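Written below as structure tokens is the structure these notes are about.
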Amino acid sequence: LLANSELYENQRQLRKINEDLRRANLAVMETNRLKSEFVANMSHELRTPLNAIIGYTSLLQRGRYGTLTDAQTRALTRISENSANLLELINTFLDFSKIAAGKMEVNVSEVDLVQFLSETIAPLDALARAKGLTLNIEVPPQMPSVSTDPVRLRQAVTNLVSNALKFTERGSVTIALQIEPGAETFTIEVRDTGIGIAEKDLPHIFEEFRQVDGSSTRKYGGTGLGLSIAKKNVMLLDGVIEVESEEGRGSTFRVRLPLRLREHEMMEASEKPA
Ligand code: ADP
């Protein structure tokens, strides 16, 4: 009888613990939702005045309000560069919060990958030239068009190429498109001759806010979100992302995606845990 009542008491306590856990879980989910919503709202609020700054700077640069001295032109160049950096940062937070809130849409269309890649890296070419790096594209002679979401893919590739340029001081960054005959997938490789990543850090670099050098005195700027955003975009496209790297020699990020992304695959991909 005693054993029975003890058992009963244990079960009662277990149920209570379970209920407490369930409540705590709900509270964490709600806090996370509020956090994402806050970041999304904040990013919107920050973007509006920043776009005004960018717009007026551009008007000034184009001589709309009169002829400028050399010093004024130089100052405007700095304003415009820094505003662009700030906008990129805000967009990163916005993307991140959308992904966290599960609000990323996938819209499949036919994509000419060769054209897509040259359009994607065009805005990064100035950065490459400013650092004295060569930015190459390698494409196979025959490339069929693919069906995927160009917006999601652009976000992933842009983040990989921006990182490659950021962490490379000498040499080149190469974006290589590959397709095996008869295969149902294609690959986009982003190779750099930069600082590389230590083996012990490789398993962690796709985690949110993770930076190999996270110190406040670190040399390279950033949020630690670029790779996690890239990975989530690739997963939404039912693809995989891999990395190979050697410290001091460079890194290769490889994205493998289906040639033809279909509705049901997208559903499954978006249901996969991040
Ligand atoms: P960050 O905003 O810091 O670039 P990411 O999520 O894009 O954040 O990358 C996470 C970390 O992975 C970086 O801080 C860096 O340490 C490392 N990393 C990413 N790409 C490269 C690369 N091409 N070469 C060397 N290190 C890289």
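Bear in mind these aren't lab numbers, they're just calculated from the coordinates by the rules spelled out. This structure is a prediction, so every number in the text was calculated from the model and none was measured. Here the Cβ is made from the backbone with ideal geometry for all residues, glycine too, and neighbour counts use every protein chain on show.
Which GluC sites (Glu not before Pro) in the range 189-265 sit in a loop by DSSP (not H, G, I, E or B) and have at most 11 other Cβ atoms within 10 Å of their own Cβ? Can you show the working numbers first?
Values: sites: 189, 199, 207, 208, 242, 244, 246, 247, 263, 265; in loops: 199, 207, 208, 247.
Loop-located and lightly packed - 199.
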Can you pull the one-decimal nm distance between simple spin-label points at residue 220 and residue 109, each 7 Å off the Cα toward Cβ?
3.2
So which trypsin sites (Lys or Arg not before Pro) in the range 75-183 pass both tests, a DSSP loop state and at most 12 other Cβ atoms within 10 Å of the Cβ?
103, 170
Quickly work out the residue 67-to-residue 137 label distance, labels modelled 7 Å from Cα along the C-beta direction, and quote it in nm with one decimal.
4.0
On a 29 Å Cα-Cα criterion, which of the cross-link pairs 103/200; 103/219; 131/231 come out too long?
103/200; 103/219
Can you list the aspartates and glutamates whose alpha carbon sits under 19 Å from that of residue 35, skipping same-chain ones fewer than 8 residues off?
45, 95, 207, 208
List every DSSP H helix in the chain whose Cα atoms extend 27 Å or more along the helix's own long axis and whose mean Kyte-Doolittle hydropathy is at least -1.0.
2-61, 70-100
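Restricting to DSSP loop positions (anything but H, G, I, E, B) with no more than 16 other Cβ atoms inside 10 Å of their own Cβ, which GluC sites (Glu not before Pro) remain in the range 86-117?
Working: sites: 88, 105, 110; in loops: 105.
For GluC sites (Glu not before Pro) across the range 86-117 that sit outside H, G, I, E and B with at most 16 neighbouring Cβ atoms in 10 Å, the list reads 105.
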What ranking do 225-232, 57-64 get when scored by the average of other Cβ atoms within 10 Å per residue, highest first?
225-232, 57-64
Partners for residue 98 among aspartates and glutamates (Cα-Cα distance below 12 Å; same-chain residues under 8 apart left out)
37
